[in-house]
Amino acid sequence: MTIFPLRFLGDPILRQKADRVEVFDDELRAFAEDLIASMYAHKGVGLAAPQVGRGSRVIAVDVSEARDGAEAFVLVNPEIVEEEGTVAGEEGCLSIPGVTADVERRARVVVRGSTPDGELRRIEATELLARVLQHEIDHLNGVLFIDRLGPLRKRMALKAWKRHLDESESPAAHA
């Protein structure tokens, strides 16, 4: 099992639109397992391939309380096919540690994608699961949660990020 290092704000891959996955094979299945392991290792509830340096449309999610892998899943080529309502809630991001902000998202979404085996999957989500799915799909489109903030709140978030970098002793935080 491989634990991938995270990519941080400023890394160009986080701003690129990820490529659609066309081949469902053992390599994809292994990457999916490693993405889940990396999500847990970095203490996230979701993780997108670009956050670990891969430009493919793959996300891992587990919003369960147990976080034991029983409810973890990977979606390949996920897309939002239905959405309704709006709700604001606090978000953070593994790629922008030390920064949180209230972000407005859709209250309910339906997401369609595939498993790493190529089986079609449709997920209707509300609350935290809906928020995480939208956040991770944004990553696949080169969008970060701070991009969903107004100009003032975005400037404040970027200042908080700079403070985090200045205060951090972790070399990874400066990557």
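The values are calculated or read from the model by the stated rules, or taken from the named source; none is laboratory data. Treat the numbers as computed from the prediction; the structure is a model and nothing was measured. Methodologically, a virtual Cβ is constructed for each residue, glycine included, from the backbone with ideal geometry; neighbour enumeration extends over all protein chains shown. For the accessible areas, the whole protein counts, side chains as well, though only heavy atoms, and no ligand, DNA or RNA atoms are used. Shrake-Rupley method; radii C 1.70, N 1.55, O 1.52, S 1.80 Å.
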Check your understanding: What number of residues within the range 104-138 satisfy the criterion of being under 19 Å from Ser64 (Cα atoms), among the hydrophobic types (A, V, I, L, M, F, W, C) and in a strand (DSSP E or B)?
Key -> 6
Exercise for review: Of the numbered conditions (1) under 24 Å from Tyr40 (Cβ atoms); (2) touching a helix residue (DSSP H, G or I) at 6+ places or on another chain (Cβ under 6 Å); (3) open to solvent by 30 Å² or more (accessible area, probe 1.4 Å), Lys154 fails exactly one; give the number of that condition.
Suggested key: (1)
Check your understanding: Taking only pairs six or more apart or across chains, which ones have beta-carbon atoms under 8 Å, a first residue in the range 1-29 that is within 15 Å of Gly53 (Cα to Cα) and at pLDDT below 95, and a second residue that is assigned to a loop (DSSP other than H, G, I, E, B) and open to solvent by 70 Å² or more (accessible area, probe 1.4 Å)?
Key -> none
Check your understanding: Quick check: anything in the range 115-126 over 24 Å from Lys17 (Cα atoms), without any contact (Cβ under 8 Å) to a residue 40 or more places away in the chain and open to solvent by less than 90 Å² (accessible area, probe 1.4 Å)?
Key -> yes
Exercise for review: Would you mention how many residues in the range 67-103 are surrounded by 15 or more Cβ atoms within 10 Å (Cβ to Cβ) and assigned to a strand (DSSP E or B)?
Suggested key: 12
Review point. If you check Ser38 against the conditions, is it among the hydroxyl-bearing types (Ser, Thr, Tyr), farther than 17 Å from Leu144 by Cα and buried (at least 20 other Cβ atoms within 10 Å of the Cβ)?
Key: yes
